[in-house]
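Notes follow the structure.
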Amino acid sequence: KLENATLKAELGRATWRFLHTMAARFPDKPTKDERTTFETFMQLFGRLYPCGDCARHFRAILAEYPPQSGSRSAAAGWLCFAHNKVNDRLGKPEFDCNAIGDFYDCGCAEDDKDKKK
Ligand code: FAD
């Protein structure tokens, strides 16, 4: 059904935007706790993502390529790689992960400055 495909795509776009933005804001030098949180989040995400087929495939990606969390660039690079695995499966073009730069900006940098005051 075309309608279902549209809804699935909408959810996918919103979710990827959230995930990539989260990775783009992950600490450059994460603590052990922050690393565990990121890795656990991804495993739980793979259990709870509401599109069952998508979640199953994502769990296979997680099993073969465990989430990387040693730094912001490691986390963002890993997620970009994982998204490209999904792109490949769906016949979508590969995204250039070297060009990810400031692509994902949430406008939240100011919030953190306020917090430090
Ligand atoms: P999307 O793939 O949603 O990407 C949105 C935007 O992100 C792109 O326009 C581009 O600007 C950018 N982008 C693209 N690739 C990357 C990358 N590698 N790194 C960073 N940014 C990038 N749909 C299915 O039909 N079957 C599935 O099995 C399936 N599995 C999924 C698994 C997960 C975990 C998620 C989150 C979604 C899944 N989806 C699946 C949805 C699918 O991935 C797309 O979100 C949906 O088809 C819409 O595609 P899109 O072309 O708009 O771009």
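Every number here is computed from the coordinates shown, using simple stated rules; none is lab data. Quantities reported herein were computed from a predicted structural model and do not represent experimental measurements.
Which of these, PHE26, PHE81, PHE45, has the largest mean-square fluctuation under a Gaussian network model of the chain (Cα springs below 10 Å)?
Of the options given, PHE45 has the highest mean-square fluctuation.
Enumerate the helices in the chain for which the Kyte-Doolittle hydropathy averages -0.5 or more and the C-alpha atoms extend at least 15 Å along the helix's axis, using complete DSSP H runs. Kindly include the intermediate steps, with their values, before the conclusion.
Working: long enough: 2-24 (33 Å, -0.05); 32-48 (24 Å, -0.68); 52-64 (18 Å, -0.05); 72-89 (26 Å, -0.46).
Counting only whole DSSP H runs, the qualifying helices are 2-24, 52-64, 72-89.
Over 28 Å between Cα atoms: which of LYS1/LYS85; LYS29/LYS85; LYS8/LYS32 fall into that group?
Pairs exceeding the cut-off: LYS8/LYS32.
Once you have a ≥ b ≥ c as the square roots of the Cα gyration tensor eigenvalues for the range 65-104, tell me rounded if a/c is under 1.5, and otherwise prolate or oblate according to whether a/b is larger than b/c.
Here the range 65-104 falls in the oblate category.
Calculate the all-directions average of the projected area of the chain's alpha-carbon convex hull, and give it in nm². If you can, show how the numbers build up before the last one.
Numbers: hull surface 33.3 nm².
Value for the chain: 8.3 nm².
Starting from the Cα-Cα distance between THR15 and ASP111, subtract it from 0.36 nm times their residue separation and give me the gain in nm to one decimal.
32.4 nm
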